[in-house]
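Engineer: Okay, here's the structure, questions in a sec.
The values are calculated or read from the model by the stated rules, or taken from the named source; none is laboratory data. These numbers were taken from a predicted model, which means no experiment stands behind them. Reconstructed Cβ throughout: ideal geometry from the backbone, glycine too, with neighbour counts over all protein chains shown.
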Amino acid sequence: MPGRNASAPLTLDQRGYPLVDGQPLKLPPKERAVLGLLLRRRGQVVSKDEFAAAGWQGQEMSDESLARCVSQVRRALRPLGLQVETLYGLGYRLHDEAEAAPRGVEPSPASRGELQHLRQQLQQRTPAAVGLVMERARRLVAAEPAYGAARVVLADALAVAVNWGQLPTAEAVQEGLEALAEVSPDEPGVDAARGALLDMAWRFDAAAECFQRVQAMDGDNAEALLACSRHLLFTNQAGRAVQLLRRVRELAPHALHVRMNLARALVQSGQGEAAVEELRLAGEDHPGQLVLLAFTLAMQAMVAPRDELAAAATRLTDGLDTPPFVWTVASFVYARLGRREAALDIIDTALLCSATTAGEASLHAASLAALGEYDRAATLLERAAAERAGMLALVLRDPAHADWLPHHPRGRALLRTVFGEG
């Protein structure tokens, strides 16, 4: 509506419809209900359950659906000088922008130091490191709500956690998108973080728009371009991903996660020997890194399986605190070498563990496929799809599935579900 400004009064009519200067504010029904509840409770926190009762009238409300509604309400209120604030774990609150934490306020030196440390931790890309970064980034955002860079790191950590299967996809994506909704579009890395979250939600077209902006505006940001390259892997553009990752490697030549992603892209594009060589060189720069040792072993088993890899897998799992991803690699190595009993023993033990999520379990599908257990592999992948596990997109693009997935009826159905292919 032309002529709206921050002084225009926002009210509700007798039916609960929002009015600006007495004129209807056009919104879809759910968004109208969300705004009505926020306006009636102005200045107070409104919980997700209250939104579900008001706007969804007893029907199931997904976190992503509520986040989309709130996003539209924010856009409608911005010209009026009103803001919908996210309070993590609690809900939302409506207030004037003047009451909100001011944007552009310089964070404290301690907060800047903490953020730099979190960025370094996140580069490790291990489940333990990602969990630590999420916890501390949430505290940092709570302490410095106007610190846009901290919100970007939180969103990045949430996307990586989903990719490891550590968090339910819908909740993590919603939390990340809500965090980014408060960030200036000029903040470095914000488009890449949003695109990574959308990829985890299998919203690849929306993610592609984010990554187009990344390449146009964040062309020297290694982390942003890395997220863009992963989008290319999700969307089966491995050749382009290799080209982009080589550019990223020039920007960050010693970053381990960049080298590992490049190796993955090389394998996915049919350049297995080049991938193994890339990992050998990475090992010289990062000796003894468990995640690299495990990843290298998996790539070697995929490209050129040989008997001595079994001993390496046994050494890697020789300990009381072996992480789950290492056991996944060991099962794959044994499966590729035809050691059926050893591989199935690991898989069956993992699947019996109540702490194993459907996403984590889907990683064992590659081992089952290597053993010719295609139906059982499909079952694990279908369970992950039913839970909309964000990590499934990359799992399905694993070269270990390339020879059977497109030719198996259940495999084709999975590709349609996640990517719309077939």
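Engineer: Looking for something in contact with a Cys (Cβ under 7 Å, 6 or more places away or on another chain) and either in a helix (DSSP H, G or I) or of a type in the set (D, E, K, R) (or both) - is there at least one such residue anywhere in the stretch 32-53?
Structural biologist: Among the residues of the stretch 32-53, at least one is in contact with a Cys (Cβ under 7 Å, 6 or more places away or on another chain) and either in a helix (DSSP H, G or I) or of a type in the set (D, E, K, R) (or both), which makes the answer yes.
Engineer: Kindly indicate whether any position in the stretch 289-308 is assigned to a helix (DSSP H, G or I) and either more than 29 Å from the chain's Cα centre (by Cα) or without any contact (Cβ under 8 Å) to a residue 12 or more places away in the chain (or both).
Structural biologist: yes
Engineer: Mind checking which residues of the stretch 333-349 are surrounded by fewer than 19 Cβ atoms within 10 Å (Cβ to Cβ) and either modelled with pLDDT under 95 or not aliphatic (A, V, I, L, M) (or both)?
Structural biologist: Listed by number, the residues that qualify are G338, R339, R340, E341, D345, D348, T349.
Engineer: Return the residue satisfying two criteria in turn: it lies in the stretch 1-46 and is surrounded by 14 or more Cβ atoms within 10 Å (Cβ to Cβ) and of a type in the set (G, A, S), and of such residues it is modelled with the lowest pLDDT.
Structural biologist: Of everything passing the filter in the stretch 1-46, A8 is modelled with the lowest pLDDT.
Engineer: Follow-up. Could you tell me how many of the residues in the stretch 94-110 are surrounded by fewer than 16 Cβ atoms within 10 Å (Cβ to Cβ), at pLDDT 90 or above and under 19 Å from E187 (Cβ atoms)?
Structural biologist: 1
For every residue, the table says whether it meets (1) assigned by TED's automatic domain parsing to the domain that holds G338; (2) not in a loop (DSSP other than H, G, I, E, B); (3) not polar (S, T, N, Q).
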| position | (1), (2), (3) |
| --- | --- |
| E360 | yes, yes, yes |
| L368 | yes, yes, yes |
| G372 | yes, no, yes |
| R376 | yes, yes, yes |
| T379 | yes, yes, no |
| E382 | yes, yes, yes |
| A385 | yes, yes, yes |
| A389 | yes, no, yes |
| V395 | yes, yes, yes |
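Engineer: Give, as residue ranges, the helices (runs of 4 or more DSSP H) completely inside the stretch 127-194 that count at least 3 residues that are over 23 Å from F325 (Cα atoms) and touching a strand residue (DSSP E or B) at 6+ places or on another chain (Cβ under 9 Å). Step through it out loud before you land on a result.
Structural biologist: On the way: elements: 127-143, 148-164, 169-181.
Fully inside the stretch 127-194 and qualifying: 169-181.
Engineer: Moving to a separate point now. Any residue that is within 21 Å of M134 (Cβ to Cβ), more than 10 Å from the chain's Cα centre (by Cα) and assigned to a helix (DSSP H, G or I) - is there at least one of those in the stretch 197-204?
Structural biologist: Step one: filter the stretch 197-204 for residues within 21 Å of M134 (Cβ to Cβ), giving 197-201.
Okay, now just the ones that are also more than 10 Å from the chain's Cα centre (by Cα), so none.
Within the stretch 197-204, not a single residue is within 21 Å of M134 (Cβ to Cβ), more than 10 Å from the chain's Cα centre (by Cα) and assigned to a helix (DSSP H, G or I).
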